[in-house]
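**Student:** First, the structure itself, so that you have it in front of you.
Bear in mind these aren't lab numbers, they're just calculated from the coordinates by the rules spelled out. None of the values given here were measured: they were computed from a predicted structure. Note that each Cβ is placed from the backbone with ideal geometry, even for glycine, and that neighbours are counted across all protein chains shown.
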DNA sequence: TCCGATCTATTTTTT
DNA sequence: ATAGATCGGA
């Protein structure tokens, strides 16, 4: 074991050795924030602190895992693995599993994800006969989530005149009622949503002093990463837990606060000074990550924000390369330019793919980039987007597991009671829902032992229902007899999901089968993995059951699954939010257009705009050596072409750091951009000219005239390749072609959009 | 009850 | 462009 302290700079060392009392570390981007945090924990352990007395909270599973690995490599596995380290949500979920009975929750409560929450809200809306357009489920959930993050219960919400007036003014006076029903339904299902994990932990600590006392004693040292992203609920929990020892360390950077939209409160950093007047404040200002150009350019951008804590981030690194600006006429061309640029750097500097990252504001932007990378033959990996665990078939199977573990889990039940089809239709389900409201009990309870309450339902259907209940119960009995994989496989076989998919027998269903197999593989890996202390509850549990797997999976929504990433070599694609905490030598920030970045819904208020600017700051500071930014003058949004202006953020970068586009290229583009006729034509033309106009060495793709297409012709499609026209129908704008693409299958293409080139007649 | 046709929202970011 | 929800007919 080496002396840890010699590996730190002065500021970092100071922050590490002051082990007692409240400490706040304001750490600029790339200043070794994680390093300070991990070394601090390692230092504590080295000085004899009990690993079980240390709690470290992060926002992502990934951050927690990485920190744990680094600590274990610093001071050894044995000590390191016993530190309680995890996301707020996962740590609090664990506390609630152990203590939830105080609040009337069973140990096996389900965690509803956003999808489940929205379904539940939709259900409530239709019960209350409310318009889904007025009461948009996403909006309602957002309202409820914000309320809970600020520790408002449904009752508080209904009793608050300001909130009520606001909802009435917004034309949604019944939001509070929906909130109330929503909460009651969650409770009846023995379920918590993400916000409940925080809300209920607060309740627990507020109302049960003996429970609070237990955790206050246990956690002698508390460390919080990304403190600027905590919301009020998290703030209060931490404050309560730390109240006894006051050994609390928070690390944050107000310039990187990008989650205000979901309730994060920068004020928490300022409150820290008030709550702990005798705190020590350390500033980490030396950036080790990026070149001078990047650090200075980013500093210049963030300086435009009014709300910020003054600090001076600087670096000793080289000057570095200027920031490049790519201007494209269309989103497709943007993708091509980026792909070409990456290809160029790869060749000229012999760089691996993993040195490159492409960052965007919204997930939807990934498509044009992906296509370009594929054409250029550059391997890539997308982080985030539609998570594996939210795919339909995966959720379906997981719903079986959920229902087996918690029979009251209503969203799970509704998903699968008739999938695969077993003759339990909509009418029956509606009747059951009414009954479950009337009798205040779960549907599973009603159908487990059918009695007089089910008189409305005919005999044959009742048999189907009891068969279903019996089947679920037969699985439940095996929960602690089989390990996770044995039971998961047993359930998958018994319910016939695979058989149903095999019967469908198309490209889609083959894909779904693969996903289910992948899920089962993940469960097998889980079952065989050595249990890590603390992972399965307090002291570890001998068998890795399906219940344990489901506890882990509920909070594992993002790119956490099978990290084969270490050796693989690919370009990373992700949203800027997902990129926080990561770094790459070469970073491309794409889609720098007004109304996209900054987002159209965030240009209304100064604070929202400043959050967008912080997001841009985060994007810039991900880069070690080179930043390239790009924008497109037109872009497909919602399936139609729209024109866009360059983002105001481009101008906010000091011109001295930007490499102007190559002279002739600029002239060429400018001519195009300035031509009003061109823009006008683009608006009218069904297909964007961009693909054929770009200067890449791609073959221009020109669609053949729609009217000359005939049945039986071989045609080429840009994405699907060559195929044969099976059928043509409709006329004019609605003309449709059914084309069979070998290896892909049949596709219905609306010729207004799809470009088809005739290969032979 | 099932199937296909039609309609509609989706695009801000995530635990 | 596309998945999902909804509706109407068999």
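**Student:** Give the whole-number value, in cubic angstrom per residue, of the convex hull volume spanned by the C-alpha atoms of region A:198-308.
**Tutor:** Measuring per residue, one finds 119 Å³ for the Cα hull of region A:198-308.
**Student:** Between residue A:304 and residue A:107, how high is the FRET efficiency from 1/(1 + (r/R0)^6) when r is the Cβ-Cβ distance and R₀ = 51 Å? Nearest 0.05.
**Tutor:** FRET efficiency, residue A:304 to residue A:107: 0.50.
**Student:** Sort A:254, A:50 so that the residue with the fewest other Cβ atoms within 10 Å of its own Cβ comes first and the one with the most comes last.
**Tutor:** Lowest to highest Cβ neighbour count: A:50, A:254.
**Student:** Sequence gap at least 6, Cα distance under 8 Å: using those rules, report the relative contact order of region A:270-317 to the nearest whole percent.
**Tutor:** Computed value for region A:270-317: 50 percent relative contact order.
**Student:** To the nearest 0.05, how large is the calculated FRET efficiency for residue A:347 and residue A:656 if R₀ is 45 Å and r is the Cβ-Cβ distance?
**Tutor:** FRET efficiency, residue A:347 to residue A:656: 0.95.
**Student:** Ranked from highest to lowest mean number of other Cβ atoms within 10 Å per residue, what is the order of the peptides A:335-345, A:39-49?
**Tutor:** A:335-345, A:39-49
**Student:** Beyond 17 Å, what share of the Cα-Cα pairs of region A:1-50 remains, rounded to the nearest whole percent?
**Tutor:** For region A:1-50, the fraction of Cα-Cα distances above 17 Å is 28 percent.
**Student:** Further question: With just the Cα atoms defining each centre, how far is region A:15-75 from region A:586-608? Give it in Å.
**Tutor:** 33 Å
**Student:** Let me have the relative contact order for region A:1-159, percent, based on Cα pairs under 8 Å that are six or more residues apart.
**Tutor:** 14 percent
**Student:** Turning to a different aspect of this structure: Going by average Cβ density within 10 Å per residue, which order do the peptides A:60-67, A:421-428 take, highest to lowest?
**Tutor:** Result, highest mean first: A:60-67, A:421-428.
**Student:** What whole number of Å gives the distance from the Cα centroid of region A:134-212 to the Cα centroid of region A:239-269?
**Tutor:** Using only Cα atoms to place each centre, the spacing works out to 22 Å.
**Student:** Where the centroid of each part is defined by its Cα atoms, how far is region A:87-130 from region A:284-319 in Å?
**Tutor:** For region A:87-130 versus region A:284-319, the Cα centre distance is 41 Å.
**Student:** Next question, about the same structure. Set the Förster distance to 41 Å, then compute FRET efficiency between residue A:600 and residue A:517 from the Cβ-Cβ distance, nearest 0.05.
**Tutor:** It comes to 0.50.
**Student:** Just the Kirkwood number for region A:34-130, please: inverse of mean 1/r across all distinct Cα pairs, in Å, one decimal.
**Tutor:** 15.9 Å
**Student:** Quick one: which of A:595-601, A:400-406, A:358-364 comes out on top by average Cβ neighbours within 10 Å, and what's the full order, highest first?
**Tutor:** Per-residue mean Cβ counts within 10 Å order the peptides as A:400-406, A:358-364, A:595-601.
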